[in-house]
Amino acid sequence: MSVAFTKEGDSEAFAADLPDRPISPHPNLVTPEGLAQIEAELAAARGAYAAAQSAGGAADGDRTAMARATRDLRYWSARRATAQLTERDPTKTVVQFGDRVTFEREDGRVQTFRIVGEDEADPAKGSVSYIAPIARALLGKGVGETAAAPGGEIEITAIE
């Protein structure tokens, strides 16, 4: 047997042994949109797994694709199983999970973020995880209140 074939097989076996995606130790709070996102990712993972299986699975097909699909299926299945749909209480006037909060920083910058679950957080698109320091500083505060946040004090100007 050629050494080239042995090395290729070894690297493929290594690729097929992908580590699991880390799962947060925090409660898996989700907004209705976050739950829909998890369900879409789970459906995509199931589709990728089925496609990898039909291609021959780990024995004959692309072992890396099968390993990736299996890993993603485990992750999204776990996230769906632990998802806690959390909707805001309309009777409260303080910042809650799922709210869009506008605040002003000490330097005059105005920012708006929606506080969401870990899997749907995307600061570039205006959403932060509820476990992020900025979100923790805002939760439970009302309009006009200040909070100590990374980078200085902030004042809440709007809650939607």
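The values are calculated or read from the model by the stated rules, or taken from the named source; none is laboratory data. A quick note: this is a predicted structure, and the numbers were derived from the prediction, not measured. Heads up, the Cβs are rebuilt from the backbone with ideal geometry, glycines too, and the neighbour counts pull from every protein chain shown. For the accessible areas, the whole protein counts, side chains as well, though only heavy atoms, and no ligand, DNA or RNA atoms are used. Shrake-Rupley method; radii C 1.70, N 1.55, O 1.52, S 1.80 Å.
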**Message:** Name the residue that is nearest to GLU87 (Cα to Cα), counting only residues in segment 17-35 that are modelled with pLDDT of 95 or more and surrounded by fewer than 18 Cβ atoms within 10 Å (Cβ to Cβ).
**Reply:** PRO32
**Request:** Mind listing just one residue for me: the one in segment 138-160 that is of a type in the set (Val, Ile, Thr) and more than 24 Å from VAL30 (Cβ to Cβ) and, of those, least open to solvent (accessible area, probe 1.4 Å)?
**Result:** ILE154
**Item:** Among the residues listed as THR86, THR64, THR70, the single one being touching a Leu at 6+ places or on another chain (Cβ under 9 Å), modelled with pLDDT under 90 and among the hydroxyl-bearing types (Ser, Thr, Tyr)
**Value:** THR64
**Request:** Working carefully through the options GLU104, GLU120, find the one that is on the phi < 0 side of the Ramachandran plot, in contact (Cβ under 8 Å) with a residue 12 or more places away in the chain and in contact with a Gly (Cβ under 6 Å, 6 or more places away or on another chain).
**Result:** GLU120
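Being closer than 19 Å to GLU153 by Cα and not β-branched (Val, Ile, Thr) is the filter here, so list the residues in segment 97-122 that pass it.
Matches in segment 97-122: ARG100, PHE103, GLU104, ARG105, GLU106, ASP107, GLY108, ARG109, GLN111, PHE113, ARG114.
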